[in-house]
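Worksheet: one structure, shown below.
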Amino acid sequence: MNIDKHRFGSLLTLLFFITCAICTGSSVTDGTSQLARELASEGKHESAAIEYRRLALLEEQQNRRAGYYWASAYEYLKATKYDLVQKMLDRAEDNSSDIITESLLIRAEASIGADKLTEAEFYLKSIIEDMEQTKKSPSKIKTIAAKKMAGVLIAKGNTGEARKALSQSPVPCPESIRAVASYEKGRNRNPKVGGILGLIPGLGYIYSGEYANAIRSFILNGIFIYAMADTADREEWGAFTALTFFELTWYTGSIYGGIDAAHRFNKNRLNSCIEAINCKSAFAPDLSQLPVISLKFEF
Amino acid sequence: MTGPRRMEQIGIDRVINLTFFPKFRGKVSLAVSGTFLFLLILVFPLKCTGETCPESLAVDLFAEGNFGVCIQECSRLIAEDKGNETVLLLQAVAKMRSGKDNKVELKNITESPHYSPATANMARYELARAHWKSGNIRNALEQFKKLFESSDQGPLFLRAGCSINLLIKQYPELAEHVCDIKNQLDTCSSLWSGKIIDECRISPAGKKESIAGTPVQWMISFYRSQISPALGRRCSLQPSCSEYGMQSLKKHGLLGLAMIGDRTVREPDVVANKPSPVRIGNRWCYKDTVEEHDWWMTPGRNRK
């Protein structure tokens with residue numbers, strides 16, 4: 001009987017220690033998870049990503065570990081660390097194959113951010129085709145993917161395909177189609193033309209619609225050219241040399257500005273179109289649900 | 001045990017041997033030469049397995065070049081386990097990589113009796129490379145020589161020999177100091193593969209900056225040091241126009257002059273649009289970087 005009591009006592013002690021160990025482990029995870037959420041909400045995405053990586057290392061279950069790696073990738077995406085996004089997603093996918101679609105979405109975003117449009121197109125196409133084959137229900141993911149795909153195709157200069165991608169979206173998006181149509185109607189500026197027009201101070205800026213810059217460039221160049229001519233007339237060669245140096249800066253600036261303004265115009269036009277296509281649609285994970293990935297969508 | 005845990009206990013010999021397995025050579029191409037060595041020592045399971053090892057986050061951060069956070073992570077691990085000499089070594093090297101002159105700490109590791117010979121040799125290799133990078137070639141040679149003579153790890157031995165050879169080629173006046181080991185160097189020279197040579201080589205300078213706009217840079221430097229302090233900060237953009245000028249001249253040579261001209265014309269427009277405000281001191285400035293105006297010079301860039 002004494003032996004049984006002794007065994008029972010040992011068993012209780014063992015159970016107590018196991019419970020303590022589980023509680024300690026759980027509180028560490030909860031604390032780190034809370035810290036990661038707070039860092040993310042403060043905009044310290046890189047620090048949040050590191051905390052999620054730490055959580056992934058602490059986690060023993062593969063599915064849960066994959067969730068934390070995915071969250072880390074998401075935070076790295078927010079911190080514009082695109083290489084690390086892909087690295088974290090590789091790890092997430094190594095641990096679980098259930099999050100492929102969510103991973104592809106983040107991979108596509110990271111590729112767009114890193115200007116790797118062909119890669120982004122591949123990932124987005126994978127999401128759309130995979131969903132068509134498996135007849136999966138999350139039409140919201142497909143809608144987001146279709147809109148992103150349209151943006152990528154427009155950036156590649158393929159507006160027809162962009163329109164087609166939008167037409168495949170399960171949720172109709174007429175604003176996006178209108179944005180593509182409006183982009184098609186507009187015209188890009190040719191940087192070479194901008195540069196040539198920049199030979200006449202200010203004209204390069206006018207070509208891209210930057211009238212205030214054009215006036216400033218014209219006035220600055222006008223003043224300095226006049227001053228140069230004046231000093232040359234008076235044979236004040238020291239002043240003439242100094243003025244020539246400055247005029248050279250403004251004049252070459254006018255040419256460079258003509259080219260840069262054309263590029264700026266094209267970039268702004270493209271970005272406005274992509275913004276209009278996305279039409280405030282976005283996705284974000286519910287961080288409180290982690291390591292289970294639960295996406296929230298906005299349209 | 002009072003000192004750091006002996007590396008033999010955690011199988012570091014096996015780790016060092018695995019460190020130089022060809023399948024991991026791809027990682028040599030990580031930007032910093034020499035990173036490879038320390039990176040891979042820790043990639044392998046030490047006390048635990050795979051990526052769940054507590055050191056693996058610190059190792060990853062080191063490999064990613066995030067040295068500041070790596071140092072913090074190492075401090076956290078050291079607080080939990082003061083005897084983890086792998087982490088102590090990693091932290092010392094991370095401090096070095098982050099720009100801090102940490103030769104003293106590395107020297108302490110090489111000389112301390114608490115560390116295993118394997119760790120001491122690793123630290124010695126890094127110390128020697130640090131001396132070489134800072135132009136202290138005699139000390140570099142001395143450390144490489146000690147390593148060459150004392151190391152019983154093949155990969156480190158080869159790299160020490162190869163580094164001595166490269167150092168002598170770069171500074172022929174040092175040749176007289178290695179007469180005693182010349183035969184050994186000649187014997188093992190056939191084992192230095194191209195990759196080992198590339199890994200050991202330290203290029204004297206980084207990316208060359210354009211010198212075409214140097215006179216203008218002098219003028220801007222003069223303005224920044226002598227005139228600007230009297231005027232105070234007048235530019236509403238970040239970086240300021242003089243800093244923007246310096247950056248563009250360094251990056252693009254005389255083309256930077258045109259970029260300065262364009263910037264001065266654009267400044268009021270940028271301020272009016274208020275993009276990306278940045279608080280500097282008591283005033284708001286607006287971000288307008290060189291990269292925002294030369295991105296199109298890089299082929300394949302479509303948009304930011």
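The values are calculated or read from the model by the stated rules, or taken from the named source; none is laboratory data. Just so we're clear, the structure is a prediction, and the values are computed from it rather than from any experiment. FYI the Cβ positions are ideal-geometry reconstructions off the backbone, even for glycines, and counts take in every protein chain you see.
Within 19 Å of A:T252 (Cα to Cα) and either away from chain A (no Cβ under 14 Å) or of a type in the set (A, V, I, L, M) (or both): does that describe B:L255? Talk me through it step by step, then tell me what you get.
Working: within 19 Å of A:T252 (Cα to Cα): yes; either away from chain A (no Cβ under 14 Å) or of a type in the set (A, V, I, L, M) (or both): yes.
Yes: the conditions hold for B:L255.
Could you tell me whether segment A:222-239 includes any residue that is facing chain B (nearest Cβ under 9 Å) and of a type in the set (S, T, Y)?
First, the residues of segment A:222-239 that are facing chain B (nearest Cβ under 9 Å): none.
Scanning segment A:222-239, I find no residue that is facing chain B (nearest Cβ under 9 Å) and of a type in the set (S, T, Y), so the answer is no.
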Hits in segment A:240-263 (condition: among the aromatic types (F, W, Y) and at the interface with chain B (Cβ under 8 Å from one of its Cβ atoms)): A:W250, A:Y251, A:Y256
Checking B:A272 against (1) within 23 Å of A:N213 (Cα to Cα); (2) surrounded by 13 or more Cβ atoms within 10 Å (Cβ to Cβ); (3) modelled with pLDDT of 80 or more, which single condition isn't satisfied? (2)
Might you check whether a residue that is surrounded by fewer than 18 Cβ atoms within 10 Å (Cβ to Cβ) and under 25 Å from B:C70 (Cα atoms) occurs anywhere in segment A:93-111? yes
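For segment B:74-88, give me each residue that is more than 17 Å from B:S112 (Cβ to Cβ), over 18 Å from the mean Cα position of the chain (by Cα) and not in a loop (DSSP other than H, G, I, E, B). Before the answer, list the steps.
Initial filter on segment B:74-88 (more than 17 Å from B:S112 (Cβ to Cβ)): B:74-77, B:79-81.
Going one step further and asking which of them are over 18 Å from the mean Cα position of the chain (by Cα), we end up with B:75-77, B:79-81.
The answer is B:S75, B:R76, B:L77, B:A79, B:E80.
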Scan the helices (runs of 4 or more DSSP H) fully inside segment B:164-270 and keep the ones with 2 or more residues being closer than 30 Å to B:A128 by Cα. B:182-188, B:194-200
Scope segment B:54-85; condition among the polar types (S, T, N, Q) and within 11 Å of another protein chain (Cβ to nearest Cβ); matching residues: B:S56, B:N66, B:Q72
Tell me which residues, restricted to segment A:244-273, are surrounded by fewer than 24 Cβ atoms within 10 Å (Cβ to Cβ) and touching a Ser or Thr at 6+ places or on another chain (Cβ under 6 Å). A:F265
Out of (1) closer than 30 Å to A:A179 by Cα; (2) touching an Asp or Glu at 6+ places or on another chain (Cβ under 9 Å); (3) free of Cβ contacts under 8 Å to residues at least 60 places away in the same chain, the one A:R53 does not meet is (1)
For segment A:195-221, enumerate the residues that are facing chain B (nearest Cβ under 10 Å) and among the β-branched types (V, I, T). A:I215, A:I219
Candidates A:E175, A:E184 - the one that is in contact (Cβ under 8 Å) with a residue 24 or more places away in the chain, of a type outside the set (S, T, Y) and touching a Cys at 6+ places or on another chain (Cβ under 6 Å): A:E175
For segment A:58-73, which residues satisfy the criterion of being within 11 Å of another protein chain (Cβ to nearest Cβ), farther than 12 Å from A:D94 by Cα and surrounded by 19 or more Cβ atoms within 10 Å (Cβ to Cβ)? A:E59, A:S72
Restricting to segment A:267-299, name every residue that is in a strand (DSSP E or B) and of a type in the set (D, E, K, R). A:K296, A:E298
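Here is a check on your reading of the model: is A:N213 over 30 Å from A:P285 (Cβ atoms) and in contact (Cβ under 8 Å) with a residue 12 or more places away in the chain?
Details: over 30 Å from A:P285 (Cβ atoms): yes; in contact (Cβ under 8 Å) with a residue 12 or more places away in the chain: yes.
Yes; evaluated as a whole, the condition is true for this residue.
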Give B:V93, B:V104, B:V87, B:V69 a once-over and let me know the one that is in contact with a Cys (Cβ under 8 Å, 6 or more places away or on another chain) and either modelled with pLDDT of 80 or more or closer than 19 Å to B:L156 by Cα (or both). B:V87
Looking for whichever is over 30 Å from B:R263 (Cα atoms), out of contact with any Leu (no Cβ under 8 Å at 6 or more places or on another chain) and assigned to a helix (DSSP H, G or I) here; the options are A:E161, A:E184. Which one fits? A:E184
Given (1) facing chain B (nearest Cβ under 8 Å); (2) closer than 30 Å to A:G222 by Cα; (3) not aromatic (F, W, Y), where does A:N266 come up short, assuming only one miss? (1)
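To keep it simple, each residue is scored yes or no on (1) within 14 Å of chain A (Cβ to nearest Cβ); (2) out of contact with any Leu (no Cβ under 7 Å at 6 or more places or on another chain); (3) under 30 Å from A:K116 (Cβ atoms).
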{"site": "B:S228", "(1), (2), (3)": "no, yes, no"}
{"site": "B:R234", "(1), (2), (3)": "no, yes, no"}
{"site": "B:E267", "(1), (2), (3)": "yes, no, no"}
{"site": "B:W296", "(1), (2), (3)": "yes, yes, yes"}
Only one of these is modelled with pLDDT under 80 and assigned by TED's automatic domain parsing to the domain that holds B:G232: B:G261, B:G256, B:G281, B:G245. Name it. B:G281
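For segment B:120-154, name all the residues that are at pLDDT below 80 and in a helix (DSSP H, G or I).
B:G154 - this is the single residue of segment B:120-154 that is at pLDDT below 80 and in a helix (DSSP H, G or I).
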